Amino acid sequence: MKTIGYLIQKEFKQIFRNKGMLPIIFILPIVQLLILSNAATYEVKDIKFGYIDVDRSSTSRALIEKFRSSAYFNLLAPYSSYKVAYAGMLQGKVNVIMEIPNNFERQLVNQEKTSLGLTVDAIDGAAAGVETAYIQQIVQEFNQGIALETSVSNKNRSGFAGLITIIPSYWYNSTLDYKTFMVPGILVLLVTMITLFLSGMNIVREKEIGTLEQINVTPIKKSQFIIGKLFPFWIIGLGLLTIGLVLAKLIFDIPLLGSLGTLYFYTAIYILVVLGIGLFISNFTETQQQAMFIAWFFMVIFILMSGLFTPIESMPQWAQVITTFNPIRYFVEVVRMVMLKGAGFSDILPQIWKTLAYAVLVNGLAVLSYKKVN
Amino acid sequence: MKDNKVIAVKNLTKRFGDFLAVDAISFEVKAGEIFGFLGANGAGKTTAMKMLIGISKPSSGEAMVAGFDVYTQTELIKKNIGYMSQKFALYDDLTVRENITFFGGIYGLSRATIKEKVKVLVTELKLENIIDQLVGALPLGWKQKLSFSVSLLHDPKIVFLDEPTGGVDPITRRQFWEMIYHAADKGTTLFVTTHYMDEAEYCDKVSIMVNGKIEAMGPPKLLKERYGAGNLNEVFLKLARGSKPNE
């Protein structure tokens, strides 16, 4: 126990004496949290909306007005022809082109149905989907207005089907604020990234400068060495969580519905997994550069498959299976559940067990592969 | 320990794939001796030493260090030996005092003992002015003396020094050897690898390694007589030239 104390003391001294490392540990995460949380959003705003109004009727003008009043669309001057509009899309000047055909109004009144031409720049498929949904919503609203008018004026036609509207009620994030969704996720990223990189590079660094050999000729036990080495990063990880939570509250006003105790309890287990992976990496690498590359490789896969940016439910089946081996996935789930839903200890029990099992497995492997003797 | 032997090696071998780094070497070192382990770069000195200090498993052969077996009792060996690697291995970003405290601590010395050791080292090595300086800022000569002192902290029976005087000036080398003698006077056994043949003359006994094998062994005086040489350098050159390189 005393031996570990000496080691921990030494590690903390080295971390806080490293003027290059300190900002990376504490300032960078703050900057990232501030920037990423504001930047990483699925919301599509300022959609450049071009239209060709061939009909030039009061109905077509009313439809265009609907779009103009929407906060999401930025209406461009009307295009004279589809050809001109299409050229604009090729140049990236317009995202969406709506073509209102001739006889739009007449068909709508006479036959109660008509069509609109819509061209969406779908290079960014996700954005195109969101844009289409917005447009459909506006057209639907417009349509209901018309249907209401016709059903009132013409009672024997069409039932009340057009009058059924869905009033969605959004739970846990009632204002559909993306920051409420993203900030907890990015918090997860920071805690994971910093602890993984630091722990992954730390032991390799001692290999590089030759001090590890010196340690290996001392009677220090493997377990003592590993605990002493990783403990400081465990503390730093929990410290980062604290910084992140304070920022989330103060700057983004993210609610924390669940208990802090539950969150810290889970994070304490989770960081063990990350540290185990870091140790494992450093056992199989000879230089900090190698360790960094491998850590990045895992980080990128873990992040993209964590459900942080893209929902796991929309991944193909095989990819969903892979995500069950992704520790970040569970952390993202837990942080969002505890912070936004107010989930308690028993609600996150499945995640706790899985993470605990993961921690035991990874650290077991890491300790086994750490060799004092070659 | 019978016959006062602190290191007893018999047919010790280390193989890396097809390459025989250490080829069935045998020797003995008595307590309190300064044993010079000589050889050219790449002759296998460091590899042999690593097996003796318990950080590399031998491929075959036997070796006892401080009465313990290098296969099964490496952790007991580590308690009883000190080691100074050819790569400087103290922490540059810790002060002299912090380095001493840290290594003392992981060897299990008590706080009081560590304080006492620091005091002794400060007077012996005249460290008053640098004890609270970062080790990284010290000249190489100081660093070497310091890592030797650190390897002696826990009063080991044997200290292994791997090319301890590489790259330091003649005056510092002389001071360094005075430290080695001082340790030997106190009964510590010293196992020193070097390729400075003038230093080898200071040893009680030397072995000369060529291509993984020990080609000659004995007190420097005896070797010089046997090879009809004026100094150990000539002995070494005769042996090295007679050797058939592997490549």
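For this structure, a couple of remarks:
- Number of the condition not met by A:Gly92 [criteria: (1) surrounded by 12 or more Cβ atoms within 10 Å (Cβ to Cβ); (2) within 30 Å of the chain's Cα centre (by Cα)]: (1)
- Here the helices (runs of 4 or more DSSP H) wholly within the range B:112-228 that include at least 2 residues being in contact with a strand residue (DSSP E or B) (Cβ under 6 Å, 6 or more places away or on another chain) and closer than 22 Å to B:Val6 by Cα are B:140-151, B:170-185.
- Counted residues, the range B:86-105 - those being among the acidic types (Asp, Glu) and either in contact with a Pro (Cβ under 6 Å, 6 or more places away or on another chain) or in contact (Cβ under 8 Å) with a residue 40 or more places away in the chain (or both): 2
- Residues of the range B:15-32 satisfying the condition of being over 19 Å from the mean Cα position of the chain (by Cα) and of a type in the set (D, E, K, R): B:Arg15, B:Asp18, B:Asp23
- Single condition A:Lys45 does not satisfy, out of (1) modelled with pLDDT under 85; (2) in contact with a helix residue (DSSP H, G or I) (Cβ under 8 Å, 6 or more places away or on another chain): (2)
- Among the residues of the range B:1-52, those that are in a loop (DSSP other than H, G, I, E, B) and of a type outside the set (S, T, N, Q) comprise B:Met1, B:Gly17, B:Asp18, B:Ala31, B:Gly32, B:Glu33, B:Ala40, B:Gly42, B:Ala43, B:Gly44.
- For the condition surrounded by 17 or more Cβ atoms within 10 Å (Cβ to Cβ), aromatic (Phe, Trp, Tyr) and within 14 Å of chain B (Cβ to nearest Cβ), A:Tyr6 qualifies.
- Check on A:Ile281, in a helix (DSSP H, G or I), farther than 13 Å from A:Val191 by Cα and among the hydrophobic types (A, V, I, L, M, F, W, C): yes
- Looking only at residues of the range B:53-90 that are in contact with a strand residue (DSSP E or B) (Cβ under 9 Å, 6 or more places away or on another chain), assigned to a loop (DSSP other than H, G, I, E, B) and at the interface with chain A (Cβ under 8 Å from one of its Cβ atoms), we find that the one that is surrounded by the most Cβ atoms within 10 Å (Cβ to Cβ) is B:Gly54.
- For the range A:208-226, the criterion of being more than 14 Å from chain B (Cβ to nearest Cβ) and free of Cβ contacts under 8 Å to residues at least 60 places away in the same chain is met by none of the residues.
- Hits in the range A:117-142 - residues which are outside any strand (DSSP E or B) and either among the basic types (Lys, Arg) or in contact (Cβ under 8 Å) with a residue 24 or more places away in the chain (or both): A:Asp121, A:Ala126, A:Ala127, A:Val130, A:Glu131, A:Tyr134, A:Ile135, A:Ile138, A:Val139, A:Glu141, A:Phe142
- Unique residue being more than 30 Å from B:Trp142 (Cα to Cα) and either among the charged types (D, E, K, R) or touching a helix residue (DSSP H, G or I) at 6+ places or on another chain (Cβ under 6 Å) (or both) when the list is B:Lys205, B:Lys224: B:Lys224
- Positions within the range B:200-232 being in contact (Cβ under 8 Å) with a residue 40 or more places away in the chain and of a type in the set (Gly, Ala, Ser), in sequence order: B:Ala200, B:Ser207, B:Gly212
- Qualifying residue in the range A:355-365 (condition: modelled with pLDDT under 90 and within 21 Å of the chain's Cα centre (by Cα)): no
- Of the numbered criteria (1) more than 14 Å from every other protein chain (Cβ to nearest Cβ); (2) under 24 Å from A:Gln288 (Cβ atoms); (3) buried (at least 18 other Cβ atoms within 10 Å of the Cβ), the one A:Asn202 fails is (1).
- Of the numbered criteria (1) more than 11 Å from chain A (Cβ to nearest Cβ); (2) closer than 19 Å to B:Asp155 by Cβ; (3) surrounded by fewer than 19 Cβ atoms within 10 Å (Cβ to Cβ), the one B:Phe27 fails is (2).
- Number of the condition not met by A:Lys66 [criteria: (1) within 30 Å of A:Arg106 (Cα to Cα); (2) within 14 Å of chain B (Cβ to nearest Cβ)]: (2)
- Sole exception among (1) touching a Gly at 6+ places or on another chain (Cβ under 7 Å); (2) within 12 Å of chain A (Cβ to nearest Cβ) for B:Lys117, by number: (2)
The values are calculated or read from the model by the stated rules, or taken from the named source; none is laboratory data. Fair warning: this is a prediction, and the values are worked out from it, not measured in the lab. Glycine also receives a Cβ, built like all others from the backbone with ideal geometry; neighbour counts cover every protein chain displayed.
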